[in-house]
Every structure is written in C-alpha cells, then in structure tokens.
Amino acid sequence: MNVYEFSAETTSGAVKSLADYKGKVLVIVNTASKCGLTPQYEGLQKLRDKYQQQNFEVLGFPSNQFMNQEPGSDAEIQEFCQINYGVTFPVFRKINVNGSNAHPLFKYLRKKAPGFLTNRIKWNFTKFLINSQGEVVKRYKPTAKPEEMENDIRKLLKAEVK
C-alpha cells in the first residue's frame, strides 16, 4: 500500500486521485489559516517553486480540528492562501486528520509515520515526506520549518535521477 491508493476532494468537489502524482516526491501537510504556524505556507510555496521542475509537489489539506483555526469555507481558504502567501500548490477540501472521521489518507500517514508517543496529528502543519514510489519517508513536527526539510527533499530527488 502507498499514498497513490488514496484520493481526496478538490475545493471544487472533484475527486482527485493521488496516483496523479506518481513519480513525484511529495510533502503532504495539514494546514490552517488562523494558526501561529500559518506563515509556513510561504516556505512550503518556496520549496514548491524551487523543486517543481524536478518532480516535486506540495499537497495541502486544511483541517479545523485544532482550536477552530481553519473556520472558513473551502473557497475562503483558497482565497486566503493565494492572496496572503501566493500559494499555487494544490490545497484540497477541508478534512479531519484525527479521530474516527479522519480522512483515510491521514489514517494511513499516521500509521506509517507515527509521532512521538502517539500517532495522532498533534497540531496544524504536521508534514509528511513521500518518495516517488508513494512511500512515507519521514514525519516532521508542526514547528519544523519547511526549509528544514530541504536536505531530505534534495536527497530523494537525487535518488530519483539515478
């Protein structure tokens, strides 16, 4: 099993298969617009801009499960991301990342890369690095800045070139 077996709804309501990202190194991240970590959108976009031509993509999944820090509609979230951070990477429809109603992708990610003490997502901007075969490589804590992932991303991209 890998991330390509999952799909998610876009903000327009269309179902997008993650198999569409086969062959790409991915960062999958749960996001929120009203969080102290929200400026990480900028760093995530910079990574995407820098490595997009090398088969890299960031996938954002808004969640309102942490102190209601993502209260807006899907359209409001998209607008916020674009206007405030110039986000051009895919930001999907709002989901749950924990609990019985958690999106199946995040249930899988939590199982494959458990966190410290528990596999629950502890906060917004938990990041998962996925290799080009769709396998979970690493989980990053919410406070890890996007640029802290760059060496790991470069290693995976170099491995893919060989």
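The values are calculated or read from the model by the stated rules, or taken from the named source; none is laboratory data. Since this is a predicted model, take the numbers as computed values, not measurements. Counting neighbours? That spans all protein chains shown, and the Cβs are built from the backbone with ideal geometry, glycine included.
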Given the structure, is K107 basic (K, R) and within 22 Å of E9 (Cα to Cα)? yes
Quickly run through region 6-43 and pick out the residues that are of a type outside the set (D, E) and farther than 23 Å from P104 by Cα. K34, C35, G36, L37, T38, P39, Q40, Y41, G43
Q52, sole failed condition from (1) among the polar types (S, T, N, Q); (2) surrounded by fewer than 19 Cβ atoms within 10 Å (Cβ to Cβ); (3) in contact (Cβ under 8 Å) with a residue 12 or more places away in the chain: (3)
All positions within region 12-36 that are aliphatic (A, V, I, L, M), assigned to a loop (DSSP other than H, G, I, E, B) and modelled with pLDDT of 95 or more: A32
Among the residues in region 82-94, are any farther than 21 Å from S7 by Cβ and of a type in the set (K, R)? no
Residues in region 37-57 that are in a helix (DSSP H, G or I) and aromatic (F, W, Y): how many? 2
